[in-house]
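Here is the structure we will look at.
The values are calculated or read from the model by the stated rules, or taken from the named source; none is laboratory data. Treat the numbers as computed from the prediction; the structure is a model and nothing was measured. For accessibility, only protein heavy atoms count, side chains too; no ligands or nucleic acids. Shrake-Rupley method; radii C 1.70, N 1.55, O 1.52, S 1.80 Å.
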Amino acid sequence: MIRRPPRSTQGVSSAASDVYKRQAVALFDTVQNEELDTLLGDAQALSNIIQESPELDILLKSPLTKNELKANILSKIVEGSSSQKILDGLINTLKKNKRLNLFAGVLQEFQDVLFEKRGYQKAKVTTSHGIDEQTKNNIQELLHNQYGSKIKLEFQVNKSLLGGMTVVIGSKMIDLSIINQVSKFTNNVKGDI
């Protein structure tokens, strides 16, 4: 079954999404080509650090936390990274505009912008349990053959699917989950009664 995914993901408003996009494009435009891969690696590492630390994420997004404290924490985190100068520039820009709460979103959007500029199409695969590398490679190959472009896959686990998977590519959603099949069956049975 193919259906459209929800408009905004993870509770992000379209206005915030637009700000992320503008900041990410500005970051992309200021970086030299040879520095892009280094910055990409650092952005991915920072995104993982923020995702794995709910306290840090809450602190960065909290309007009660002073911008100076947020900037100091982020500066300490990026200290020693290959892209420290570039990331410090981003931190200072966001601090000056009182938008340090957007740091994690800008990093994520930067990754998306970079892959988009390089001709990749983003796909999000959600399964009911973790899958091995061979299965990930098979899914990558299948989607590449189906859509004929370079695909950047993002894998997630959502145990509520019960089994199967969902794949979101652009504005299309392919729902092969057991929960969806159970829901269809239940609706069919209700219609017959």
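For the chain, the longest principal axis of the alpha carbon atoms and the long axis of helix 67-78 meet at an angle near 80°. Leaving out same-chain residues fewer than 8 places away, which aspartates and glutamates sit with a Cα under 13 Å from that of residue 21? By straight Cα distance, residue 21 reaches 29, 109, 112, 116.
Bridges between two residues of the chain, per DSSP, are antiparallel at a rate of about 60%. What residue among 146, 51, 156 has the largest mean-square fluctuation in a Gaussian network model of the chain, using Cα springs under 10 Å? Comparing 146, 51, 156 in the GNM, the peak value goes to 146. I'd like the Kirkwood hydrodynamic radius of region 85-125, using the inverse of the mean 1/r over distinct C-alpha pairs, in Å. Radius from the Kirkwood sum: 11.4 Å. Over region 142-193, the hull volume per residue, using the convex hull of the C-alpha atoms, is 100 Å³.
Per residue, the accessible area of the chain comes to 62 Å², computed with a 1.4 Å probe over protein heavy atoms only. Could you tell me whether region 13-52 comes out rounded, prolate or oblate from its Cα gyration tensor? Rule is a ≥ b ≥ c as square roots of the eigenvalues, rounded for a/c under 1.5, then prolate if a/b exceeds b/c, otherwise oblate. The shape class here is oblate. Sorted largest first, the spans of the alpha carbon positions of region 86-193 along the three principal axes are 62, 33, 25 Å.
In the chain, the portion of solvent-accessible area held by carbon and sulfur atoms comes to 51 percent [1.4 Å probe, whole percent, DNA, RNA and ligands not counted].
For semi-axes √(5λ) of the Cα gyration tensor in Å, the value computed from the atomic coordinates appears in the list [x] 33, 21, 18; [y] 35, 20, 15; [z] 33, 17, 13 under label [y].
With a threshold of 31 Å on the Cα-Cα distance, the over-threshold entries among 98/150; 96/117; 85/136; 117/184 are 98/150; 85/136; 117/184. Relative to the longest principal axis of the Cα atoms of the chain, the long axis of helix 103-117 makes an angle of roughly 70 degrees. Close amide H pairs (under 5 Å, H built 1.01 Å from N) link residue 122 with 152, 170, residues at least 5 positions away or on another chain.
Adding -39500 (n - 2.57) for every DSSP H run of four residues or longer, then dividing by how many residues the chain holds, sets the calculated 222 nm ellipticity at -19500 deg cm²/dmol. Note that region 171-178 has calculated 3J(HN,Hα) couplings of 9, 9, 10, 9, 10, 10, 7, 5 Hz, one per residue in order, obtained from phi through the Karplus relation 6.51 cos²θ - 1.76 cosθ + 1.60 (θ = phi - 60°); glycine and proline are x.
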